[in-house]
Amino acid sequence: MRDVILPLASGPVILRRATADDLPAIISLLADDPISAARGDVAGSGDLPAYERAFAAIDVDPAQQLLVVASHAGDVLGTMQLTTIPGLARVGASRLQIEAVRVRSDQRDRGIGGAMMRWAVAEAPALGAKLVQLTSDAARVDAHRFYERLGFTASHVGFKYTVPD
């Protein structure tokens with residue numbers, strides 16, 4: 001992926017593929033979110049090897065794009081992960097799954113999240129996807145309104161199963 005300039009009213013930002021150097025900022029974005037923190041994303045120093053292993057697996061997988069939005073100075077302002085999932089349903093349609101959308105708390109309400117999501121939806125055809133999907137924790141009522149404003153429909157009920165250690 002080439003770097004993309006996302007125009008915002010407050011000034012442009014850069015959307016680019018994340019590098020290993022971005023990992024501390026991405027971990028901080030996850031930890032800054034109360035729901036993620038409650039699930040264990042607290043940016044503990046002992047967790048770094050697990051994050052590094054996960055990043056390495058994502059980085060080499062051509063179906064994955066871990067992206068960051070950065071200022072021109074290089075500060076990471078947001079992140080999201082895109083996964084292209086081939087499928088048989090819908091006459092063999094691939095899906096673009098959007099995960100872990102986060103914007104730094106002091107950067108919210110600048111339009112960063114909307115610009116990220118609009119870019120991902122526009123990029124879907126180039127990735128071979130006929131459908132863009134995401135899940136959102138039931139407690140994220142504000143996020144649900146945000147996704148609906150962008151044209152997403154709350155169409156399914158999701159289920160998760162936590163595998164015991």
Criterion: under 16 Å from V101 (Cα atoms) and of a type outside the set (A, V, I, L, M, F, W, C) - qualifying residue of D21, D47, D3, D32 | D32
Do we have any residue at all in region 140-152 that's farther than 23 Å from D75 by Cβ, surrounded by 11 or more Cβ atoms within 10 Å (Cβ to Cβ), free of Cβ contacts under 8 Å to residues at least 40 places away in the same chain and of a type in the set (V, I, T)?
-> no
With G92, G151, G128, G74 as the choices, which residue is under 25 Å from Y51 (Cβ atoms) and of a type outside the set (D, E, K, R)?
-> G74
If you check I35, I58, I26, which single one turns out to be crowded, with 19+ Cβ neighbours inside 10 Å and part of a helix (DSSP H, G or I)?
-> I26
Working only within region 100-119, note down all residues that are in contact with a strand residue (DSSP E or B) (Cβ under 6 Å, 6 or more places away or on another chain) and either surrounded by fewer than 13 Cβ atoms within 10 Å (Cβ to Cβ) or among the small types (G, A, S) (or both).
-> A100, G113, A115
Those residues of region 113-139 that are assigned to a helix (DSSP H, G or I) and without any contact (Cβ under 8 Å) to a residue 60 or more places away in the chain come to a total of 12
Counting only residues that are of a type in the set (G, A, S) and closer than 23 Å to D106 by Cβ, which one in region 38-50 is surrounded by the most Cβ atoms within 10 Å (Cβ to Cβ)?
-> A43
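Coordinate-derived values only; no laboratory data. Fair warning: this is a prediction, and the values are worked out from it, not measured in the lab. Here Cβ is always computed from backbone atoms with ideal geometry, including for glycine, and neighbour counts include all displayed protein chains.
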